[in-house]
Amino acid sequence: MTTDAVQTLAASRRLIVKIGSALLVDPETHRIRQGWLDTVADDVAALKAQGMEVVIVTSGAIAVGREHLGLTGRTLRLEEKQAAAATGQIRLAHAYQETLARHGITVAQVLLTLDDTESRRRHLNGRATIETLLKLGAVPVINENDTVATAEIRFGDNDRLAARVAQMISADTLVLLSDIDGLYTADPRKDPEARHIPLVREITAEISGMAGEPPPGYSSGGMVTKIAAGRIALGGGCRMAIARGNRPNPLAALMTPPEQGGALATWFLPGAEPRTARKRWIGGSLKPLGVLTVDAGAVAALARGSSLLPAGLTGVEGNFERGDLVLVRGPDGREVARGLSAYGADDARLIQGRQSAEIEAILGYHGRDEMIHRDDLVLS
């Protein structure tokens, strides 16, 4: 992969695009900028036609909904923000549905809070839903569940939410569309000597110090939350771009390097691929809640890169739930792997030693064929 390719969207396989309220909603009319959104939808359709999977993380529910409840012209209380979000979500989802329907693309609304990405069980449920939607050709449109969120509303964390979703589904590219074309050494609106930073490979104290104050209007995150999102994205092996969004077809403009006429942006480049980084996190960041003992055949299969199947289980210890971290030990008691269990301890005991085809008859439902999928497993 060339440096030019890394600093464009061209090499992406799974892309997340974050759209903020300041871009999406006109601050005077409180209405969605439908013409601009249509150009973004045109870009999304073009990228999907090239085989790219696209997820949109959007703000704007509160900004859109407040007008319809007569809540304009003043600072809103928390419960008023939640009420505005409840009506705004409907209009927001309809706008995305209409614009992508022009290209025959199905839209699916997914509402999340940061807690949904931090709880392992909810994390896995969310990941499975989003990945299924992508396999079916839909474009998931994700927003914070502002009707029930509290601190999330006050801090305006959709930048970080987008990065956490990228981590959740092992996306390789995250684009934060902004009103500025990337990171500068100082606020370019105040300092004419400010220099654009085209590439960041590590978020140092100096880089963090370049974040200025958020602009006036609906935007509440500013560069501070974008730098925080960069930390999360890089930690998950996902590259990230901060790019100007207040122009037509902002994604198409990122398909070409700036030196060849493409859009200026700041690219944050990780040192690991998404799956490698995620497995490193599994291997060292969580406390195991149970132990699975497996036979010699399963140990050999794991060494070849296979998933752990229920047929190879000979014992289950602990009281764990689906999505919890467990150790995998061979017949000699030695740890051979660790990973995220697809079944809770009680169900695991019921299906241990059995074939995957028998799971539904035993449990009354058919979850995954694997006890631990190889994507959720790290060899010790």
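The values are calculated or read from the model by the stated rules, or taken from the named source; none is laboratory data. As the structure is a computational prediction, the values presented were derived from the model and not from experiment. Cβ sites come from the backbone with ideal geometry, for glycine too, and all protein chains shown count toward neighbours.
Can you work out which of the residues in the range 81-100 that are of a type in the set (D, E, K, R) and modelled with pLDDT of 90 or more is nearest to Ala46 (Cα to Cα)?
Glu98
Taking the criterion of being out of contact with any Pro (no Cβ under 9 Å at 6 or more places or on another chain), in contact (Cβ under 8 Å) with a residue 60 or more places away in the chain and either buried (at least 20 other Cβ atoms within 10 Å of the Cβ) or not assigned by TED's automatic domain parsing to the domain that holds Leu134 (or both), would at least one residue in the range 94-101 satisfy it?
Yes: the range 94-101 contains one or more residues that are out of contact with any Pro (no Cβ under 9 Å at 6 or more places or on another chain), in contact (Cβ under 8 Å) with a residue 60 or more places away in the chain and either buried (at least 20 other Cβ atoms within 10 Å of the Cβ) or not assigned by TED's automatic domain parsing to the domain that holds Leu134 (or both).
Among the residues of the range 66-93, count how many are closer than 23 Å to Thr39 by Cα and surrounded by 20 or more Cβ atoms within 10 Å (Cβ to Cβ).
Selection size over the range 66-93: 3.
Any idea which residue in the range 351-380 is nearest to Ile169 (Cα to Cα), counting only those that are touching a residue at least 12 places away in the same chain (Cβ under 8 Å), part of a loop (DSSP other than H, G, I, E, B) and out of contact with any Ser or Thr (no Cβ under 8 Å at 6 or more places or on another chain)?
Ranking the qualifying residues of the range 351-380, first place goes to Arg368.
Those residues that are closer than 16 Å to Gly305 by Cα and free of Cβ contacts under 8 Å to residues at least 60 places away in the same chain, I need them from the range 336-350; list them, please.
Val336, Ala337, Arg338, Gly339
One line per residue, one yes/no per condition, for (1) surrounded by fewer than 17 Cβ atoms within 10 Å (Cβ to Cβ); (2) touching a Pro at 6+ places or on another chain (Cβ under 9 Å); (3) at pLDDT below 95:
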| site | (1), (2), (3) |
| --- | --- |
| Thr2 | yes, no, yes |
| Arg14 | no, yes, no |
| Thr29 | yes, no, yes |
| Leu47 | no, no, no |
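Inside the range 321-357, can you point out the residues that are surrounded by fewer than 20 Cβ atoms within 10 Å (Cβ to Cβ), among the acidic types (Asp, Glu) and either at pLDDT 95 or above or touching a strand residue (DSSP E or B) at 6+ places or on another chain (Cβ under 7 Å) (or both)?
Of everything in the range 321-357, those that are surrounded by fewer than 20 Cβ atoms within 10 Å (Cβ to Cβ), among the acidic types (Asp, Glu) and either at pLDDT 95 or above or touching a strand residue (DSSP E or B) at 6+ places or on another chain (Cβ under 7 Å) (or both) turn out to be Asp332, Glu335, Asp346.
Pick out the one residue from Gln7, Gln50 that is farther than 24 Å from Leu161 by Cβ and touching a strand residue (DSSP E or B) at 6+ places or on another chain (Cβ under 7 Å).
Just a single option satisfies the conditions, and that option is Gln7.
With the structure loaded, tell me whether Val40 is assigned to a strand (DSSP E or B), among the hydrophobic types (A, V, I, L, M, F, W, C) and crowded, with 22+ Cβ neighbours inside 10 Å or whether it fails that test.
no
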